[in-house]
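> First the structure, then my questions, so here it is.
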Amino acid sequence: MPLSAPAADLTVLTAGAYKQVVMAMAPQFEASTGNKIILQNDTAGGIAKRIEGGAGFDVVIMTPDLIAQLVARQKANAASVVNLARVGIGAMVLAGAPKPDISTVERFKQALLNARSVAYIDPAAGGSSGIYLAQLFRQWGIADEIERKAVKVQGGYVGDHLLDNEATLGFQQISEILAVKGVTLIGPLPAEIQNFTVYTAAIGAASKEQAAAQALLHLLASPETARVLQEKGMEAVKP
């Protein structure tokens, strides 16, 4: 009988919103394959900087444009690239606090202006939701007004800054809002201004664990993971 392949340690770099999905599927993957996932999490921009600085990885999960840049620089295998999920931006308040009406663009804008303080991912940290919101505020001509009461979060969960009473209204990708106990999702941004972030995965060109990495991507693109995505506030996309 041929010897089975030794267990692999897989270094997985994932952007914020997809972290919860990898964590949910890791026990099943590890139990069925014997491989271990070493999960590292950052904003999409933060991961790109890490890789640029020489960080090694077996699997990376971030936005399609950044994956394309890795492929172009031959740091990721083009044949391995797969779209896994997408998630929209939502608004949150502390659990039990009054929920502002954000059902239309005008009401959403008014809720922003009425809020005592507004928390979102710092665009400079490379988080896609923060970059989009800052652009939206500029388009509406309210950037200066929001800036005066903004709590710009460097990474992690924006909801934590509502729990600390630093802000009264927060924005982040819906999956990351649902991950924080003690805050309430008001709802997604109005459809006309919603912005979806797609999460795409690729295998590192220098990875010595190509087969194990491919097995993980196969699981993450499976119907089982699609059910978990729904629970986490995300949705599957066609590969």
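> With a sphere of radius 12 Å drawn around the Cβ of Ile38, what net charge do the other residues whose Cβ falls strictly inside it have (Lys, Arg +1; Asp, Glu -1)?
Neighbourhood net charge equals -3.
> Assuming a ≥ b ≥ c are the square roots of the Cα gyration tensor eigenvalues, decide whether segment 1-59 counts as rounded (a/c under 1.5), prolate (otherwise, with a/b larger than b/c) or oblate.
oblate
> Excluding residues on the same chain fewer than 8 positions from Lys149, give the aspartates and glutamates whose Cα lies under 19 Å from its Cα.
By straight Cα distance, Lys149 reaches Asp122, Asp160, Asp164, Glu166.
> If you don't mind, there's one more thing I want to ask. Classify segment 95-219 as rounded, prolate or oblate from the Cα gyration tensor: take a ≥ b ≥ c as the square roots of its eigenvalues, call it rounded if a/c is under 1.5, otherwise prolate when a/b beats b/c and oblate if not. Before the final figure, lay out each step's value.
Numbers: a/c = 2.17, a/b = 1.92, b/c = 1.13.
Prolate, because a/c is 1.5 or more and a/b exceeds b/c.
> Among (i) 16.0; (ii) 12.6; (iii) 13.9, only one was calculated for this model; which label is it, if the read-out is mean projected area of the Cα convex hull in nm²?
Here the calculated entry is (iii).
> Quantify, in whole percent, the carbon and sulfur part of the accessible surface of segment 1-127 (1.4 Å probe; protein heavy atoms only).
54
> Another question, if that's okay. Got a number for carbon plus sulfur as a percent of segment 134-239's accessible area, 1.4 Å probe?
Within segment 134-239, the accessible surface is 49 percent carbon and sulfur.
> Among DSSP beta bridges whose residues both lie in the chain, state the antiparallel percentage, nearest 5.
55
> Determine the sum of side-chain charges near Val59: Lys and Arg each +1, Asp and Glu each -1, restricted to other residues whose C-beta is under 15 angstrom from that of Val59.
0
> So who's got an amide H within less than 5 Å of the one on Val237, skipping anything under 5 residues away but keeping other chains? H placed 1.01 Å off N, in plane.
Those qualifying (amide H under 5 Å, at least 5 residues apart or on another chain) are Ala85, Arg86.
> Per residue, how many Å² of accessible area does the chain show with a 1.4 Å probe? If you can, show how the numbers build up before the last one.
Numbers: 11350 Å² over 239 residues.
For the chain, the solvent-accessible area averages 48 Å² per residue.
> Please give me the summed charge of the neighbours of Gly16: other residues whose Cβ is under 9 Å from its Cβ, Lys and Arg +1, Asp and Glu -1.
Its environment carries a net charge of -1.
> Using amide H atoms built 1.01 Å from N in the peptide plane, name the residues 5+ places from Gln154, or on other chains, whose amide H lies under 5 Å from its own.
Asp122
The values are calculated or read from the model by the stated rules, or taken from the named source; none is laboratory data. Fair warning: this is a prediction, and the values are worked out from it, not measured in the lab. Neighbour counts run over all protein chains shown; Cβ positions are idealised from the backbone, glycine included. Keep in mind that these areas ignore ligands, DNA and RNA; they rest on the heavy atoms of the full protein, side chains included. Shrake-Rupley method; radii C 1.70, N 1.55, O 1.52, S 1.80 Å.
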